[in-house]
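A.B. asks: Got a structure here, written out as structure tokens. Questions coming.
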Amino acid sequence: MKRILHLLAIAFVSLALIVPPVDAQNRTTGNRGNHSSQQTNRPENRPGNRPQNKPQNRPQRPGNNGSHNRPENKPQNRPQRPGNNGSHNRPQDRPHNRPTQNRPNNNWHYGRPQQPRPPRPGIGHLPPGHARPPMMHPPMRPHRPRPSRWSRPVPPPSWRPRPHAPSFAAILGITFGTALNLSLDYLINHGYTVDGYGNNVVYLRDINQFNYYWPDATLYYGNGGLARSEFLYSTSYPDMMRYNSLYNSFTGTYGSPVNYSNSGASLSATWFAPNRGYITLQYNPQYSLGGQVRYFTSLTFGL
């Protein structure tokens, strides 16, 4: 019995020692629970839990549809300019797209306006009532050769014409011996380009003769009228193609040339017709009126 009481006393003391910490723990736990509940019931006023009053919750501005974008007031929504189609491109009013109804005759020329050129002698007929001037100086032609002395070739006493060789008595439709005034009338009325005339000479331009184009031609007159004609062609480089072609053609018609000269750079050949008319073909380099060395092929007919 005494032992049982002793055990009970020990158990009671042990229980007394254990109960206070548990009660304190419960009070602590209760306080924590109350604190949590207080925190739970407090208004959410932390920075991250503040009322959602961001820009999207703010009162909308006039014209705003509630989005973050500003009103669409870009240039494409601005009032269109007159003649604008709503794009960023300006109206097509460049010169090449402008209306053409205001242009005279709907023709557009760059630079100076085209004006009718005055008629040159040799193109068409002379206007009625207009007399031809007694002399007309030719324009400067830098590719013409410098004037040189000329002497009529004479056949040797032993010369005999080739049988059936053709004779000739005219050139460009003008008979040898025709006066200068009559020759000018014929040339002008037949559309030849007369560059100038006077002092027993007529200058022509752009002549077709013997299937070749000749930039310059000259008719020479004497006391007996038209005496000879000269056709000129020149290049800035050596070119004997025209000379060789004409040489072969005249040799086939009149035989071998009566007079022939070959000095290396210069060549010359002369043929005679049965009526003693002559043809002289030359090729030589010489200075032109422009001061440059050019290679001339010249063809002369005379009687």
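A.B. asks: Anything in the range 207-231 that is surrounded by 15 or more Cβ atoms within 10 Å (Cβ to Cβ), under 21 Å from Trp271 (Cβ atoms) and in contact with a Lys or Arg (Cβ under 7 Å, 6 or more places away or on another chain)? List them, or say none.
C.D. replies: Tyr220
A.B. asks: Is one or more of the residues making up the range 197-204 open to solvent by 40 Å² or more (accessible area, probe 1.4 Å), in a strand (DSSP E or B), within 30 Å of Ser249 (Cα to Cα) and not aliphatic (A, V, I, L, M)?
C.D. replies: yes
A.B. asks: Also: Scan the range 196-233 residue by residue and report those that are polar (S, T, N, Q) and within 24 Å of Arg152 (Cβ to Cβ).
C.D. replies: Asn199, Asn200, Gln209, Thr218, Asn223, Ser229, listed by residue number.
A.B. asks: Oh, and also: Among the residues of the range 232-268, which ones are of a type outside the set (A, V, I, L, M, F, W, C) and surrounded by 17 or more Cβ atoms within 10 Å (Cβ to Cβ)?
C.D. replies: Scanning the range 232-268 gives Tyr233, Ser234, Arg242, Tyr243, Tyr247, Tyr254, Pro257, Ser268.
A.B. asks: Quickly run through the range 269-300 and pick out the residues that are of a type in the set (A, V, I, L, M) and open to solvent by less than 50 Å² (accessible area, probe 1.4 Å). Before the answer, list the steps.
C.D. replies: Taking the range 269-300 and keeping what is of a type in the set (A, V, I, L, M), we get 269, 273, 279, 281, 289, 293, 299.
Listed by number, the residues that qualify are Ala269, Ala273, Ile279, Leu281, Leu299.
A.B. asks: Spot the failing condition for His125; the list is (1) in contact with a helix residue (DSSP H, G or I) (Cβ under 8 Å, 6 or more places away or on another chain); (2) farther than 19 Å from Ala227 by Cα; (3) modelled with pLDDT of 95 or more, and only one is missed.
C.D. replies: Single failed check for His125: (3).
A.B. asks: What number goes with the only condition from (1) within 35 Å of the chain's Cα centre (by Cα); (2) part of a strand (DSSP E or B); (3) charged (D, E, K, R) that Asp239 does not pass?
C.D. replies: Here Asp239 clears every test but (2).
A.B. asks: Still on this structure, I have one more. Consider only pairs whose beta carbons are under 8 Å apart and that are at least six residues apart or on different chains; among these, list those whose first residue lies in the range 161-185 and is of a type in the set (Val, Ile, Thr) and assigned to a loop (DSSP other than H, G, I, E, B) and whose second residue is modelled with pLDDT of 95 or more and open to solvent by 50 Å² or more (accessible area, probe 1.4 Å).
C.D. replies: From residues that are of a type in the set (Val, Ile, Thr) and assigned to a loop (DSSP other than H, G, I, E, B), the pairs are Thr178/Tyr186.
The values are calculated or read from the model by the stated rules, or taken from the named source; none is laboratory data. If you're wondering where the values come from, they're calculated on a predicted model, not measured in any experiment. Using ideal geometry, Cβ is built from the backbone for each residue, glycine included, and neighbour counts are taken over all protein chains shown. Please note that ligands, DNA and RNA were not included when accessible areas were found on the heavy atoms of the full protein model with its side chains. Shrake-Rupley method; radii C 1.70, N 1.55, O 1.52, S 1.80 Å.
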